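Undergrad: One structure, as structure tokens, below. Some questions next.
The values are calculated or read from the model by the stated rules, or taken from the named source; none is laboratory data. In this text the structure is predicted, and so the values were computed from the model without any measurement. Cβ sites come from the backbone with ideal geometry, for glycine too, and all protein chains shown count toward neighbours. The area values use the complete protein model at the heavy-atom level, side chains included, leaving out ligands, DNA and RNA. Shrake-Rupley method; radii C 1.70, N 1.55, O 1.52, S 1.80 Å.
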Amino acid sequence: MQTRRDWLKQSALVSGFAAAPAIVRGQNLNSRLQLASIGSDGKGLSDIKAMVTHDRQQYVAFCDVDLNRTAAVRQISPDTPIYQDFREMLAEQGDQIDAVTVSTPDHMHAYCAISAMQLGKHVYCQKPLTHTVEEARLVAEVARKTGVITRMGNQIHSHAFYRTAVELIQSGRIGKVTQVHAWVAATGHGKSGHISRPPEMPVPKSLDWDKWLGVAPVRPFSTGPFGKCYHPFGWRDWQEFGNGAVGDFGCHILDPIYTALSLTGPSNSFFAEHTGMNDEVWPAQTTYRFTVPGTEFTADDQITITWNDGGLLPSTKGSHLPDREGLPRSGAMFIGEKGTLVLPHVEAPSLYFPETGFSNDYEMASERDHYHGWIDACLAGEQPSANFAYGAMLTETILLANIAVRFPRETLEWDAAGGRFTSHEEANRWLARDYREGWDLRGLL
Ligand SMILES: NC(=O)c1ccc[n+]([C@@H]2O[C@H](COP(=O)([O-])OP(=O)(O)OC[C@H]3O[C@@H](n4cnc5c(N)ncnc54)[C@H](O)[C@@H]3O)[C@@H](O)[C@H]2O)c1
């Protein structure tokens with residue numbers, strides 16, 4: 001009888017990908033899924049803390065380029081080896097590792113995830129899944145070919161509030177949906193506080209700056225005068241490393257929209273306007289509009305999704321909200337033929353109807369644990385929701401919107417099957433990036 005391991009080996013050989021050595025250990029009922037982390041502080045630490053509450057896992061290796069940011073994981077598991085270089089970790093501990101959690105800055109997600117998947121490791125990778133559209137397609141393709149179990153780290157996908165909104169929309173409570181808005185208070189360059197490169201500063205002894213840069217071109221280290229220029233946290237604002245506000249929040253706030261409306265493809269067209277930008281950081285405030293093919297849950301055969309960041313709220317015109325009803329600082333609004341649903345970011349949904357006004361008369365959906373759900377899926381050998389096929393589609397959408405930002409107030413037509421903009425040839429150059437010598441992601445394939 002053919003086992004899953006046989007199948008994985010065969011498909012790996014057929015596709016030219018490396019064979020999968022350690023995929024089945026966690027599926028033995030008496031054993032634990034053996035995990036390794038890439039990025040072990042910040043969100044990485046919160047991912048590790050959430051994973052270790054599952055009773056059938058064990059971290060067998062941790063990695064962080066900054067050894068000063070490993071104190072907390074040393075406390076969680078004092079005997080677990082710690083690496084500064086994930087490639088060394090995968091090479092030395094590969095036989096021990098079944099699955100990897102990737103919680104680095106965005107520019108390294110694809111390189112780390114593909115490296116791990118090609119060794120047959122299951123992967124949980126933070127949102128947004130990748131930094132370029134080409135990477136999103138490659139990550140999805142490698143996940144498909146290797147058959148490993150994957151999940152994107154948009155944990156609110158599993159939250160009771162978001163799951164309730166999905167159930168309400170799909171049950172037809174507000175009728176077919178005619179318009180959708182999403183918005184977040186965060187700005188495109190408010191995290192680092194910089195709009196141009198600050199002067200060079202000495203690299204802290206604990207940090208391997210070259211490995212932090214990874215695929216990106218070399219630039220001098222700096223904390224800048226505010227302390228968080230690039231590492232940690234401030235990298236989000238820089239086009240070379242992060243994806244601005246939509247990169248930070250798009251895979252959270254757009255997720256219930258894509259899930260509730262069962263949107264499966266990227267958009268047909270993208271439009272962006274903003275308050276101004278340079279070649280280094282993302283704009284302070286951006287508005288995007290994507291037009292997406294409609295589904296059984298939309299009123300028309302296409303639907304427009306509007307995104308605002310930087311504190312701009314959408315208009316409630318055309319909705320069923322009473323005149324002076326305010327909107328939350330961040331969230332989503334579904335306008336339907338019979339009513340409107342407002343979903344604040346990580347709060348319970350509110351319903352509004354033409355005659356009766358506000359209502360919270362609904363049953364709350366059950367809460368799921370996004371992290372345990374992935375471990376359970378690895379143990380069962382079944383793909384969970386928010387896997388890389390879905391994550392790559394959602395990520396591609398936000399990355400395409402971030403290309404539209406470079407051509408403000410123009411509508412970019414997108415050919416999803418061909419993977420190209422058909423209306424602007426010059427926009428296609430932003431679909432992929434150059435990789436630094438020694439870090440060519442395409443060379444991993
Ligand atoms: N799901 C969520 O709610 C959520 C929340 C915050 C951040 N995130 C995501 O998590 C990721 C990390 O964000 P953050 O805020 O923790 O960033 P951060 O800069 O605060 O932390 C990143 C950590 O990874 C380490 N690191 C960087 N490059 C590395 C590499 N090549 N190998 C190993 N370690 C490396 C850093 O030293 C640091 O400890 C991002 O993708 C971000 O979008 C998700």
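Undergrad: Give all pairs with beta carbons closer than 6 Å in which a residue from the stretch 223-238 that is at pLDDT 95 or above meets a residue that is within 8 Å of the ligand (Cβ to nearest atom); count only pairs at least 6 apart in sequence or on separate chains.
TA: Qualifying pairs under 6 Å: H231/W212; P232/G42; W235/P105; W235/G242; R236/G242; R236/D248.
Undergrad: Okay, next question. With the checklist (1) touching a strand residue (DSSP E or B) at 6+ places or on another chain (Cβ under 6 Å); (2) buried (at least 23 other Cβ atoms within 10 Å of the Cβ); (3) of a type in the set (A, V, I, L, M, F, W, C) in hand, flag the one item I82 doesn't pass.
TA: (2)
Undergrad: Here's a follow-up. Of G94, G44, which residue is more than 10 Å from the ligand (Cβ to nearest atom), in a helix (DSSP H, G or I) and touching a residue at least 24 places away in the same chain (Cβ under 8 Å)?
TA: Values: G44 fails: more than 10 Å from the ligand (Cβ to nearest atom).
Within the list G94, G44, the selection yields G94.
Undergrad: Hey, can you tell me all the residues within the stretch 409-442 that are open to solvent by 60 Å² or more (accessible area, probe 1.4 Å) and within 22 Å of E240 (Cβ to Cβ)?
TA: Residues satisfying the conditions are E426, R429, W430, D434, E437, D440, R442.
Undergrad: Another question, then. Looking only at residues in the stretch 97-113 that are open to solvent by less than 10 Å² (accessible area, probe 1.4 Å) and β-branched (V, I, T), which one is nearest to the ligand (Cβ to nearest atom)?
TA: V102
Undergrad: Looking at R163, is it away from the ligand (no atom under 16 Å from the Cβ), assigned to a helix (DSSP H, G or I) and either charged (D, E, K, R) or under 30 Å from Y362 (Cα atoms) (or both)?
TA: Numbers: away from the ligand (no atom under 16 Å from the Cβ): yes; assigned to a helix (DSSP H, G or I): yes; either charged (D, E, K, R) or under 30 Å from Y362 (Cα atoms) (or both): yes.
For R163, the condition - away from the ligand (no atom under 16 Å from the Cβ), assigned to a helix (DSSP H, G or I) and either charged (D, E, K, R) or under 30 Å from Y362 (Cα atoms) (or both) - is met.
Undergrad: In the set A332, A365, which member is part of a strand (DSSP E or B), open to solvent by less than 60 Å² (accessible area, probe 1.4 Å) and modelled with pLDDT of 95 or more?
TA: Numbers: A365 fails: part of a strand (DSSP E or B).
From the options A332, A365, the qualifying one is A332.
Undergrad: Right, next: One residue is enough: does the stretch 234-243 have a residue meeting the conditions open to solvent by 30 Å² or more (accessible area, probe 1.4 Å), away from the ligand (no atom under 12 Å from the Cβ), of a type outside the set (S, T, Y) and under 18 Å from the mean Cα position of the chain (by Cα)?
TA: Taking every residue of the stretch 234-243 in turn, at least one turns out to be open to solvent by 30 Å² or more (accessible area, probe 1.4 Å), away from the ligand (no atom under 12 Å from the Cβ), of a type outside the set (S, T, Y) and under 18 Å from the mean Cα position of the chain (by Cα).
Undergrad: Further question on the same structure: Just the residues that are without any contact (Cβ under 8 Å) to a residue 40 or more places away in the chain and not basic (K, R), please, taken from the stretch 47-67.
TA: Let us first name the residues in the stretch 47-67 that are without any contact (Cβ under 8 Å) to a residue 40 or more places away in the chain, namely 49, 52, 55, 58-64.
Answer for the stretch 47-67, where residues must be without any contact (Cβ under 8 Å) to a residue 40 or more places away in the chain and not basic (K, R): V52, D55, Q58, Y59, V60, A61, F62, C63, D64.
Undergrad: Among what's in the stretch 115-128 and is buried (at least 24 other Cβ atoms within 10 Å of the Cβ) and closer than 18 Å to W439 by Cβ, pick the residue that is farthest from the ligand (Cβ to nearest atom).
TA: So, considering only residues that are buried (at least 24 other Cβ atoms within 10 Å of the Cβ) and closer than 18 Å to W439 by Cβ, the one farthest from the ligand (Cβ to nearest atom) is M117.
Undergrad: Could you figure out which of (1) open to solvent by 20 Å² or more (accessible area, probe 1.4 Å); (2) more than 30 Å from T340 (Cα to Cα); (3) of a type outside the set (A, V, I, L, M, F, W, C) isn't true of R151?
TA: That leaves (1) as the condition not met.
Undergrad: Now, a different point. Give the residue that is farthest from the ligand (Cβ to nearest atom), with candidates limited to residues of the stretch 47-67 that are open to solvent by less than 30 Å² (accessible area, probe 1.4 Å) and in a strand (DSSP E or B).
TA: Among them, the one singled out is Q57.
Undergrad: If I ask for residues that are in a helix (DSSP H, G or I) and not acidic (D, E), which ones from the stretch 97-115 would you list?
TA: Taking the stretch 97-115 as the starting set, the residues that turn out to be in a helix (DSSP H, G or I) are 106-115.
Selection gives H107, M108, H109, A110, Y111, C112, A113, I114, S115.
Undergrad: Kindly indicate the residue of the stretch 68-89 that is assigned to a loop (DSSP other than H, G, I, E, B) and in contact (Cβ under 8 Å) with a residue 12 or more places away in the chain and also farthest from the ligand (Cβ to nearest atom) among those meeting that condition.
TA: Initial filter on the stretch 68-89 (assigned to a loop (DSSP other than H, G, I, E, B)): 70, 77-81, 84-85.
Still in the running and in contact (Cβ under 8 Å) with a residue 12 or more places away in the chain: 70, 77, 80-81, 84-85.
On the way: T70: 8, S77: 16, T80: 15, P81: 14, Q84: 8, D85: 7 Å.
Applying the filter and picking the extreme gives S77.
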